[in-house]
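Working notes for the structure below.
Please treat every number below as a calculation from the coordinates, not as lab data. Keep in mind that what you see is a predicted model, and the values were worked out from it rather than measured. All Cβ positions, glycine included, derive from the backbone under ideal geometry; neighbour counts span all protein chains shown.
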């Protein structure tokens, strides 16, 4: 579902913190590629679709209070506030689809698993209360396919772009690929190189770390589906 | 000068309007590719260089009051305010350099002219007080080279990306290529197609149109030179 159209992570926060969050995303454009920003108080994302109401159009939401998960809900209409700003952030599906079209077989796609995600020791660039370490996803490729995966994904800056690292996971602070911080443990496949891409969990962690009184995100795996072609150069209908 | 490093347009405005301006740039990412944003009140652009002070490091500045040019100066130290936010916006030099490396001959570069710029009838997407029509630059190519120019420039989303239009100028509201709104009049070269790219004059016009009490930009042609490699995927040192 959604193949062909841009999908997005969602972050909703009070306008008081919106400029800092937007600066955080600009400074960390690989983990946080902004694809849309609402007007203050407006639940519609008019640049991403003709009728996207962020209060109801995502299948599930996480509600965080003071940086702690408070609840998960399917509708945030009664939580909506006039000072909310919604950010839509690109996700890796777009470049995964492109890799698939180029003949790449992705383990987690074939096996219907969740891509493994890891905390790294690579610091992001702070903005206001937002900061923390980069989170990455991992996909393993045969050594002679790494450059092709890099050049394909680099064409999609709105979907995290090219990888941030390929090689020994310990160099970026990952002790054991078999125990990801999120997602499913990958098999150990001989003669492959692990390749790491910046991950949309990074801004989500940055938001939690800021311990704002109230923030809302999509529930992981329950993305916003936009009307924008995922091949589009800019994310505007 | 500056070949090899990212150059940028500059816009400095009060924090009161910074979020709206940043939304405007996000919604109009082709004319307004943000490559850096300062902290509020901080004259340093720390993500773009180790020692960039925007009060002194641009050769010339334009000071606008209520949307009208008030003066041009070489230093804005005594105008600096604690509520200023600086935006650095990518420019076309990066993709022009890439076209040059691919063997393209650009008339305005060969003749040491200023690229012709035109107002179009293509509306930008509003944000707060910022809006107005798209301004474009024009470069003419032989028909069999247009696709190559398109695919090369598309690799540089921080430098306006791919062209917005190629063909009959009247379709985008340009009556006469011989009378550009800014820059030098191009020669009429037989067997070429005019190709149009989004231009950094667009956000500058949007700022003037907003008639803010005080805004500062670089003086056209006097760009900010950053420490970022112009081939970089993201504009962060």
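Using the per-residue mean of other Cβ atoms lying within 10 Å as a proxy for protection, in what order, highest first, do the peptides B:88-97, A:218-227 fall? Display every interim value, and only then the final one.
Details: B:88-97: 23.6, A:218-227: 18.6.
With the highest mean Cβ count within 10 Å placed first, the list reads B:88-97, A:218-227.
Order these by the 10 Å Cβ neighbour count, fewest first: B:211, A:145.
Details: B:211 13, A:145 17.
Fewest-to-most ranking of B:211, A:145: B:211, A:145.
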May I ask you to report, in nm to one decimal and beginning with the shortest, the distances from residue A:112 to the same position in the other copies, taking label points 7 Å along Cα-to-Cβ?
6.9
Sequence-separation-based contact order of region A:1-138, relative, with Cα cut under 8 Å and 6+ spacing, percent
30
Shortest first and in nm with one decimal, please list how far the residue B:15 label point sits from its counterparts in the other copies (point 7 Å along Cα→Cβ).
1.5
P(r), alpha carbons of region B:1-144 - 5 Å bins starting at zero, rounded %:
2, 8, 15, 19, 20, 17, 12, 6, 2, 1, 0
With viscosity set to 1.567 mPa s at 4 °C, what whole-number translational diffusion coefficient in µm²/s follows for region B:93-201 from Stokes-Einstein and a Kirkwood radius over Cα pairs?
91
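Ignore the peptide's own chain and count Cβ atoms of other chains within 10 Å of each Cβ in B:43-52; give me the average, rounded.
Values: counts 0, 0, 0, 2, 6, 0, 0, 0, 0, 0.
Neighbouring Cβ atoms belonging to other protein chains average 1 per residue here.
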Take peptides B:53-59, B:24-30 and line them up by average Cβ neighbours within 10 Å, highest first, as a rough protection proxy.
B:24-30, B:53-59
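Residue by residue through B:26-39, how many Cβ atoms from other chains fall within 10 Å of the Cβ on average?
On the way: counts 12, 7, 3, 8, 3, 0, 0, 1, 5, 2, 3, 8, 1, 5.
The shielding value for this peptide is 4.
State, as an integer percentage, the relative contact order of chain A based on alpha-carbon contacts under 8 Å between residues 6 or more apart. It would help to have the intermediate numbers written out before the result.
Working: 521 pairs, mean separation 81.5, N = 237.
Computed over chain A, the figure is 34 percent.
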Per-residue average of other protein chain Cβ atoms inside 10 Å, peptide A:12-24 -> 3
To the nearest 10 degrees, how steep is helix B:18-27 against the longest Cα principal axis of chain B, on a 0 to 90 scale?
20
Compute the distance from the alpha-carbon center of region B:21-48 to that of region A:23-82, in whole Å.
21
Here the correct list, in nm and shortest first, of distances from residue B:211 to the same site in the other copies, label points 7 Å along Cα→Cβ, is 4.6
Measure out, as a whole number of angstrom, how far apart the alpha-carbon centroids of region A:115-147 and region B:155-216 sit.
38
Quick one: grab Rg to one decimal and Dmax as a whole number for the protein assembly as shown, Cα atoms only, in Å.
22.4, 67
